[in-house]
Amino acid sequence: MKNKFLTAVFVLISITASAQYKYRDSNRIGIIFGLNQINLNTDDFTVNPELGWNVGLSVRGNFYNDFDMVYTMQFSENKFTVPTTVPTTNFFPKKVDVDYKLPSAQISLMLSYKIVENHLSVEFGPLVQVNGKFVIDKTDEENVISGNLKAKDIVDISKFNFYPAIGITAGVKHVRANIQYQYGVTNLLGNLNGQEGISTNFKSHPGIISANIIVYL
């Protein structure tokens, strides 16, 4: 199912690029690679953001006057750590920061206002993120976050999230840098609520900062 979904998205991007081929002066396909940092913005446990990575494809096309439309499919791995304790035989539990990884795919449709043609623009619009589960090392699964909440208890998060995003892109015709901020409207941790043995009403509206290089073909 996942492979069929990704194939369909690639086909859609290819069709869009082909349909706009006659506008080669400003319409092109770009290859994305860069870094990200996520903050879960939750009061349920402590989160320390770490650096993750992005790769993907972007299609920039003429829309209207000084506006472009930007279609993007991006694959990411977000990373953060959560402080935990490991019970020991003495009176001093061992403190360990557990590494969490979030594999995800994003599809976005951004409106881009061209401040300087081929050099500077601002983008804004919606994106949808498809999530996997949080990934942690098996040796950390029994670590205690707080009370009876263990590291393994918070991995099965919501699979779909909606993010409004805003960013700025600058550079030259074929190579540009993009910085973007994404804010999660839906509750990333909502899938945890109601699970057996978990009574906390989990809530998280994550913020993601992405810094990418886009190489246009």
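Throughout, read-outs are computed from the coordinates displayed, never taken from laboratory work. Nothing here was measured: the structure is a model prediction, and the numbers come from that model.
Figures for the structure shown
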item: Ellipticity estimate at 222 nm from DSSP helix runs (n ≥ 4, -39,500 (n - 2.57)) divided over the chain, nearest 500; result: -3000 deg cm²/dmol
item: Relative contact order %, the chain, counting alpha carbon pairs below 8 Å whose residues are six or more apart; result: 20 percent
item: Region 151-217-region 43-71 distance, computed between alpha-carbon centres (Å); result: 10 Å
item: Region 135-217 - Rg over Rh from alpha carbon coordinates, Kirkwood radius; result: 1.16
item: Residue of TYR64, TYR113, TYR100 that the Gaussian network model of the chain assigns the largest fluctuation, springs spanning Cα pairs under 10 Å; result: TYR64
